[in-house]
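Engineer: First the structure, then my questions, so here it is.
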Amino acid sequence: MTAAIYVGDGRIIPGELPVPEPQPGEFLVEVSECGICGSDLHLVFSRYARPGSVLGHEWSGTVVSTVGTGAEWSVGDRIVWNPTPGCGTCRPCRRGRPSVCVQRPASDLRDIRGAFAQYITVPATNALRIPGSLATRSAALAEPTAIALHAVELADVRPEDRVLVTGGGPVGLLLVAVLRARGVTDITVSEPVDLRRHRALAVGAAEVVRPDDLVDPAMGSTVPAPYAVAFECSGHAVAAERALGQLDYGGTLVFVGTGSEPTRVNHNRMIVLELEALGTYNYSATGFQPALDLLAGGAMPIDLLIEAEDVPLGGVMEAMHQLSRGEIAAKVLVGPGT
């Protein structure tokens, strides 16, 4: 089969690999689409991935082999793969946060076998059927939508809250769409690129600004129109520092986007205004099912959240460069069959 393989030195190239052999209890899945995630960019451009890895975890596909997986599954079933639940007993799991289960094994980047490939194998026990009303292509948004839902739930955002989103790329756009679907309407997106600001308005932002439009407040006071919650989706340290300054008394800063440069936190401001800072990683205890239901329910502007054309496996590297330069607004889907 053809796959997009990380070969080191910040490069991905198409190559040939054996079709994976499913073990008892596993599906062999033909990948329909797989989204390019910000973490994929981070793994490649920061050179964290190991040569030989196949990245890609935001996928949807069709079952082509069901050997030893049970009679409830059939060849041709359309699926996404739900995350592995936590242990259920540790402190994070008891609080509904299995993505940081203390029993979860650490990630090993030496031998990732992801979905930037024509086929992938996955345990049948974690598969979820794609609803009949949802296109297989659209279902590739299930994973990042689950992340956005988790972030909104952790921050306890209410419909009456004023919300700031820094970074209007694919992650920020999904946050805006999920917030709107949850009844939040007063949403501002801070983004330097015109293309992404325009897309944010189309997705549902009430206002868009350039990062330089966000003024720094005086110590011990707020900006004239502060926010209850700020979601930092760009991964840029300066954006996080500026977002912190936009918060109201008792406000919450949520770190969503990963980056390379550490953020400097004004702890004096956090003390005086009793601010809260959260990191959000992966999904809640309910996994992908709420995301699939939301996508299938018609409340999400899916066509605005996905780029119109799939990228072939040979185009993954160029798409990553375009995303990093801000030349693409929405989620890029890789189509291994394209």
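Engineer: In segment 320-338, what residues are at negative phi and in contact with a Pro (Cβ under 9 Å, 6 or more places away or on another chain)?
Structural biologist: LEU323, ILE328, ALA329, ALA330, LYS331, VAL332, VAL334, GLY335, PRO336, GLY337, THR338
Engineer: Which members of segment 314-338 meet the condition of being out of contact with any strand residue (DSSP E or B) (no Cβ under 6 Å at 6 or more places or on another chain), open to solvent by 40 Å² or more (accessible area, probe 1.4 Å) and of a type in the set (Gly, Ala, Ser)?
Structural biologist: Hits for segment 314-338 are SER324, GLY337.
Engineer: Would you please name the residue that is nearest to LEU164 (Cα to Cα), looking only at residues in segment 198-224 that are among the small types (Gly, Ala, Ser) and open to solvent by 50 Å² or more (accessible area, probe 1.4 Å)?
Structural biologist: ALA206
Engineer: Here are ILE12, ILE5: which of them is assigned to a strand (DSSP E or B), out of contact with any Gly (no Cβ under 8 Å at 6 or more places or on another chain), of a type in the set (Val, Ile, Thr) and modelled with pLDDT of 95 or more?
Structural biologist: ILE12
Engineer: Within segment 298-319, count every residue that is within 17 Å of PRO144 (Cα to Cα), touching a residue at least 12 places away in the same chain (Cβ under 8 Å) and part of a helix (DSSP H, G or I).
Structural biologist: 3
Engineer: Moving on. For segment 10-39, how many residues meet the condition of being of a type in the set (D, E, K, R) and in contact with a Lys or Arg (Cβ under 7 Å, 6 or more places away or on another chain)?
Structural biologist: Within segment 10-39, residues that are of a type in the set (D, E, K, R) and in contact with a Lys or Arg (Cβ under 7 Å, 6 or more places away or on another chain) number 1.
Engineer: Which of the residues spanning segment 75-105 are at pLDDT below 85 and of a type in the set (Val, Ile, Thr)?
Structural biologist: THR84
Engineer: Enumerate the strands (runs of 3 or more DSSP E) found wholly within segment 157-275, keeping only those where 1 or more residues are acidic (Asp, Glu), on the phi < 0 side of the Ramachandran plot and at pLDDT 95 or above.
Structural biologist: So the answer is 207-209, 227-232, 247-255.
Engineer: Pairs under 8 Å by beta carbon, first residue open to solvent by 20 Å² or more (accessible area, probe 1.4 Å) in segment 227-244, partner modelled with pLDDT of 95 or more and in a helix (DSSP H, G or I), six or more apart or different chains?
Structural biologist: Once the first residue is open to solvent by 20 Å² or more (accessible area, probe 1.4 Å) and sits in segment 227-244, its partners that are modelled with pLDDT of 95 or more and in a helix (DSSP H, G or I) give SER234/GLY172; VAL238/PRO211; ALA239/PRO211; ARG242/PRO211.
Engineer: Also, quick follow-up: Hey, can you tell me all the residues within segment 294-313 that are of a type outside the set (A, V, I, L, M) and loosely packed, with under 15 Cβ neighbours inside 10 Å?
Structural biologist: Answer for segment 294-313, where residues must be of a type outside the set (A, V, I, L, M) and loosely packed, with under 15 Cβ neighbours inside 10 Å: GLY297, GLY298, ASP303, GLU309.
The values are calculated or read from the model by the stated rules, or taken from the named source; none is laboratory data. This structure is a prediction, so every number in the text was calculated from the model and none was measured. Positions of Cβ are generated from backbone atoms using ideal geometry, with glycine treated the same way; all protein chains shown enter the neighbour counts. Keep in mind that these areas ignore ligands, DNA and RNA; they rest on the heavy atoms of the full protein, side chains included. Shrake-Rupley method; radii C 1.70, N 1.55, O 1.52, S 1.80 Å.
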